[in-house]
Amino acid sequence: DLTDRARQAHKTLSAVLTDIRAAGIHSNLTWDTLRRDLRKPLKLHDSYDFIVIGNTLCELPSALHRPTILSLLSTLKDTGALLAIEPALKKTTRDLHALRDGLLEAMQCRVIAPCTHSKSCPCLETKSDWCHESRRILLPPRCRKLAEATRLRRSNLKWSYLCLTRPDGLRKTNFNDTWRVVSEPMKQKGRHEVF
């Protein structure tokens, strides 16, 4: 059964997608909400252009991460992508790094973001490293009050993620010479630099 929080997330997502459709952006957009016990093998019969799972792998035992991702990858269309978004916590993110490495080593996917190279994740070389995204945000008034009352971060949103395709997905796209920008632009006398 869906929890109250999951019901609210579904209601919000449905409203956003309805707004997108009403605005004429991707007017043929459709979506499915699937309720599954992820401790059991997934049996999906359709094929999808885009699958998003959020805060999902961190709720499962590590042994289920790979089968869950492989099952979802198998349902993607040739040009489809799977986006897994997880909290930017050290263990959760390192588990995502290790999952990426294992899938790449077995040639079970292509990574299209964040790190497109096929080498092992350098963050796994030491036990203290992990990488994640962080964006400055301005919370809406109600969320700001809640963040202040709970003493949670009020200025940054942090997450870790993987965006994958099937091994043969997006075949015409060459990611070998792709660079990843991991900083805000730094303006220096007549030029722009980034890490």
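Decide, for segment 55-195, between rounded, prolate and oblate: order the square roots of the alpha carbon gyration tensor eigenvalues as a ≥ b ≥ c, take rounded if a/c falls under 1.5, and otherwise choose prolate if a/b is larger than b/c, else oblate.
Working: a/c = 1.82, a/b = 1.28, b/c = 1.43.
Oblate, because a/c is 1.5 or more while a/b does not exceed b/c.
Listed highest first by mean packing, meaning other Cβ atoms within 10 Å per residue, what order do 80-93, 61-74 come in? Mind showing how you got there, number by number?
Working: 80-93: 18.3, 61-74: 15.8.
Packing order, densest peptide first, comes out as 80-93, 61-74.
Holding the Cα-Cα limit at 30 Å, pick out from Lys77/Lys187; Lys90/Lys189; Lys91/Lys189; Lys40/Lys90; Lys119/Lys189; Lys43/Lys158 the pairs that are longer than that.
Over 30 Å Cα-Cα: Lys77/Lys187; Lys90/Lys189; Lys91/Lys189; Lys119/Lys189; Lys43/Lys158.
Read the figures in this text as sums done on the coordinates, not as results from a lab. All of these numbers come straight from a predicted model, not from anything done at the bench. FYI the Cβ positions are ideal-geometry reconstructions off the backbone, even for glycines, and counts take in every protein chain you see.
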